[in-house]
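Pasting a structure here, questions to come.
The values are calculated or read from the model by the stated rules, or taken from the named source; none is laboratory data. Computed from a predicted structure; not experimentally measured. Note: ideal-geometry Cβ built from the backbone for every residue, glycine included; neighbour counts use all protein chains shown.
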Amino acid sequence: MRIDKYLKNSRLIKRRTVAKEACDGGRITINGKVAKAGSEVKEGDEITIVFGTKEVTVRVKEVRDSVRKEDADSMYEVIG
């Protein structure tokens, strides 16, 4: 699954266009490498997101195309 779509489905970022802009700005990394919006995400990957001065690192637990709002936080675990 594309990183921009994963970020939106997991509710880490609310809109896919915002996720795409974050990728284009170099604020998203997958396993330590800067990610483009079309970069693929799979289970076990570590994603780091920079929100201004705050940095959030999560590990992908599962990748699903459709997810309910209540179940979105089960797609990842925060590790830093």
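For segment 3-30, which residues satisfy the criterion of being surrounded by 12 or more Cβ atoms within 10 Å (Cβ to Cβ) and assigned to a loop (DSSP other than H, G, I, E, B)?
Correct list: SER10, ARG11, LEU12, ILE13, ARG27.
Every residue, every condition in (1) modelled with pLDDT under 95; (2) within 12 Å of the chain's Cα centre (by Cα), yes or no:
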{"site": "MET1", "(1), (2)": "yes, yes"}
{"site": "THR29", "(1), (2)": "no, yes"}
{"site": "ARG59", "(1), (2)": "no, yes"}
{"site": "GLU62", "(1), (2)": "yes, yes"}
{"site": "ARG68", "(1), (2)": "yes, no"}
{"site": "ASP73", "(1), (2)": "yes, yes"}
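Quick check on this structure: which one of ALA37, ALA72 is small (Gly, Ala, Ser) and in contact with a Leu (Cβ under 9 Å, 6 or more places away or on another chain)?
Values: ALA37 fails: in contact with a Leu (Cβ under 9 Å, 6 or more places away or on another chain).
Answer to the selection: ALA72.
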